[in-house]
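One structure is given here, and the rest of the page talks about it.
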Amino acid sequence: MDPLDALPDGVVLAGPDGTVTVTNTVARRMLGLDGTAGRPLGDVLLLLDTESRAWVEVNEPYAGLATRTGIPEQSWLLPDGTEVLTHARLHRERPGGPVTGVAVTIRSGRGRARLDRERSDLVATVAHELRSPLTGVKGFVQALLNRWDKLNDEQKKLMLTTVSVDSDRLSRLIAELLDVARLDTGRLQLHPRPSDAGVLAERVVNSVQQTTSRPIELHAEPDLPSITVDPDKFTQVVTNLVENAVRHGEGTVSVHVSAGPDLVTLTIEDEGEGIPVELRRRVFTKFWKGGKSAGSGLGLYLVGGLVKAHGGTVTVTDAAGGGARIETTWPHDGEALL
């Protein structure tokens, strides 16, 4: 088998006179051609841009500056309208000399299309999630400015409290977006220190309980061993899990904190319909949303990334009384994080 046929991308090689010398199977399949050797490069690279211009016409690989060594990645269309991405290398026997060979690679544009869709989803998510609290902040601030003398102290306090809550929501969303970017690029920074999981979980439960009428119960074992974690990130994980259970579950939300030989286990349960088995591997992917309630689709993605960054695990099962059960583990010894 020709080694070029083992490559995942299409490859087209042309000599100094502009005729094609080699193509691999992927390139011939993409271009819809059989025999290509000895044909002009322009007759083989049947690629058009959005203005119906050909690849060779636009890039002129054998002309241009004598210092040019390549053609950066570009988007082109195959004869059937499918998008592909091309990259070319221009070979010269000596610097500044004539082009003695052109190597062009062709690969599917589906990966970039998927990335573009993710970016569009992110923009739409951010716009939607920011609009609601911003609308509240703007509305109440405007009301305070216009009617300050007509409002009593209790009304002013209520409005300012609402503004504060919406501002906190905006800050959290921005922090989530930054953490998503850091997780995706491997630049997440942790600041671990010995922490009491029970105390941190209790703070989260008390905070979330102020914003919902759903009962939230905390069951923490006494004398829990400390865990070495970034307390802010741990709090973020617990907050996302509890709020997710409140938003998508039903009945009482239960938070359990227990200790094993080497791990502290944090478990959140609700009494809703649960998460189907076939969806459990998807819930920690970016932009996954379940149920009718809206959300950014980033909360559980962050949970998975932050738990793994601490050397822990996260799993989804069924709660004993129905509903979803999400269990996270946190190692006692976090020296590897320090």
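Just so you know, all these numbers are worked out from the coordinates, no wet-lab data involved. Not measured: the values here are computed from a predicted model. Positions of Cβ are generated from backbone atoms using ideal geometry, with glycine treated the same way; all protein chains shown enter the neighbour counts.
Give me, ordered by chain and number, the residues 5 or more places off Thr228 or on other chains with an amide H under 5 Å from its own placed amide H.
Those qualifying (amide H under 5 Å, at least 5 residues apart or on another chain) are Ser195, Gly334.
Rounded to whole Å and sorted largest first, list the principal axis extents of the Cα atoms in the chain.
81, 61, 40 Å, listed from the longest principal axis down.
Considering Cα pairs under 8 angstrom that are at least six residues apart, work out the relative contact order of the chain and quote it in whole percent.
On the way: 571 pairs, mean separation 36.6, N = 338.
11 percent.
Kindly provide the helix-only [θ] at 222 nm of the chain, computed as the sum of -39,500 (n - 2.57) over DSSP H runs of four or more divided by all residues, to the nearest 500 deg cm²/dmol?
It comes out at -12500 deg cm²/dmol, rounded to the nearest 500.
Let me know the number of lysine pairs in the chain closer than 23 Å at the Cα, not counting same-chain pairs under 8 apart. All intermediate terms of the calculation are to be shown ahead of the outcome.
On the way: Lys138/Lys150; Lys138/Lys156; Lys138/Lys157; Lys233/Lys286; Lys233/Lys289; Lys233/Lys308; Lys286/Lys308; Lys289/Lys308.
Eligible lysine pairs with Cα atoms under 23 Å apart amount to 8.
Residue-wise, which Karplus ³J(HN,Hα) couplings in Hz belong to the stretch 10-23, taking 6.51 cos²θ - 1.76 cosθ + 1.60, θ = phi - 60°, and x for glycine or proline?
Taking θ as phi minus 60°, the curve returns x, 10, 10, 10, 10, x, x, 8, x, 9, 6, 9, 8, 9 Hz for the stretch 10-23.
Please report the antiparallel percentage of DSSP beta bridges with both residues in the chain, rounded to the nearest 5.
Details: 48 of 53 bridges.
Looking only at bridges with both residues in the chain, the antiparallel portion is about 90 percent.
Can you pull the one-decimal nm distance between simple spin-label points at Ala124 and Asp232, each 7 Å off the Cα toward Cβ?
3.2
Rounded to whole Hz and in sequence order, give me ³J(HN,Hα) for the stretch 59-69 from the Karplus expression 6.51 cos²θ - 1.76 cosθ + 1.60, θ = phi - 60°, writing x for Gly and Pro.
Rounded to whole hertz, the list is 8, 6, x, 9, 10, x, 5, 6, 8, 6, 10.
According to a simple spin-label model (label point 7 Å from Cα along Cα-to-Cβ), what is the distance in nm between Glu217 and Arg131?
4.0
So which trypsin sites (Lys or Arg not before Pro) in the stretch 182-215 are both in a DSSP loop and have at most 13 other Cβ atoms within 10 Å of their Cβ? Write out the running numbers ahead of the final one.
Values: sites: Arg182, Arg187, Arg203; in loops: Arg187.
Sparse-neighbourhood loop trypsin sites (Lys or Arg not before Pro): Arg187.
Would you kindly derive the ³J(HN,Hα) couplings of the stretch 74-81 from the backbone phi angles with the Karplus curve 6.51 cos²θ - 1.76 cosθ + 1.60 (θ = phi - 60°), listing them in order in whole Hz, with x for Gly and Pro?
Ordered by residue, 3J(HN,Hα) equals 9, 9, 9, 10, 6, x, 8, x Hz.
Can you give the extra length, in nm with one decimal, that the chain gains between Lys156 and Ala6 once fully stretched, where that is 0.36 nm per residue apart less the Cα-Cα distance?
Numbers: separation 150, 0.36 × 150 = 54.00 nm, distance 7.04 nm.
So the extension gain works out to 47.0 nm.
What number, in percent, do you get for the relative contact order of the stretch 179-323 if the mean sequence gap of Cα pairs under 8 Å and at least 6 apart is divided by its residue count? Walk me through the numbers before you get to the answer.
Numbers: 222 pairs, mean separation 32.5, N = 145.
Over the stretch 179-323, the number comes to 22 percent.
Counting only Cα, what are the radius of gyration and maximum Cα-Cα distance Dmax of the stretch 193-337, in Å?
Every Cα atom of the stretch 193-337 included, Rg and Dmax give 14.2, 41 Å.
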